[in-house]
Amino acid sequence: KDIPGTSAVSPGSSKECAPDSQSPAGSGEADYCRRILVRDAKGTIREIVLPKGLDLDRPKRTRTSFTAEQLYRLELEFQRCQYVVGRERTELARQLNLSETQVR
């Protein structure tokens with residue numbers, strides 16, 4: 001049984017972390033993968049394979065908590081026009097006290 005939230009391939013990647021004959025010193029490991037051991041809730045130790053580029057120490061971005069009024073206005077704008085850009089986006093962000101990135 002796999003550990004929830006883990007996978008051997010990063011989302012959108014078509015490369016599988018399989019042995020690579022071109023890996024240095026014949027390690028049998030793809031140069032873009034790393035293996036780590038994790039303990040699940042039952043105490044079972046599992047090995048998972050992750051892309052080497054995945055930064056597990058980087059803190060996650062905090063999710064924006066929109067107010068009910070902000071959600072209402074954003075949903076109205078989305079129904080009117082699915083892509084708010086330019087001056088409209090800038091103005092809507094200002095009115096809702098949000099960044100333009102949050103209004104996309």
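The values are calculated or read from the model by the stated rules, or taken from the named source; none is laboratory data. Predicted model only: the values in this text are computed from it and were never measured. Note: ideal-geometry Cβ built from the backbone for every residue, glycine included; neighbour counts use all protein chains shown. Only protein heavy atoms, including side chains, enter the accessible area calculation; ligands, DNA and RNA are left aside. Shrake-Rupley method; radii C 1.70, N 1.55, O 1.52, S 1.80 Å.
The table for this structure:
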{"quantity": "Failed item, numbered, when VAL103 is tested on (1) at pLDDT 85 or above; (2) of a type in the set (A, V, I, L, M, F, W, C); (3) in a loop (DSSP other than H, G, I, E, B); (4) exposed (fewer than 12 other Cβ atoms within 10 Å of the Cβ)", "calculated": "(4)"}
{"quantity": "Residue match in the stretch 52-63 (condition: polar (S, T, N, Q), open to solvent by less than 100 Å² (accessible area, probe 1.4 Å) and either over 30 Å from TYR32 (Cβ atoms) or not in a helix (DSSP H, G or I) (or both))", "calculated": "no"}
{"quantity": "Residue match in the stretch 78-89 (condition: surrounded by 11 or more Cβ atoms within 10 Å (Cβ to Cβ), part of a loop (DSSP other than H, G, I, E, B) and at pLDDT 90 or above)", "calculated": "no"}
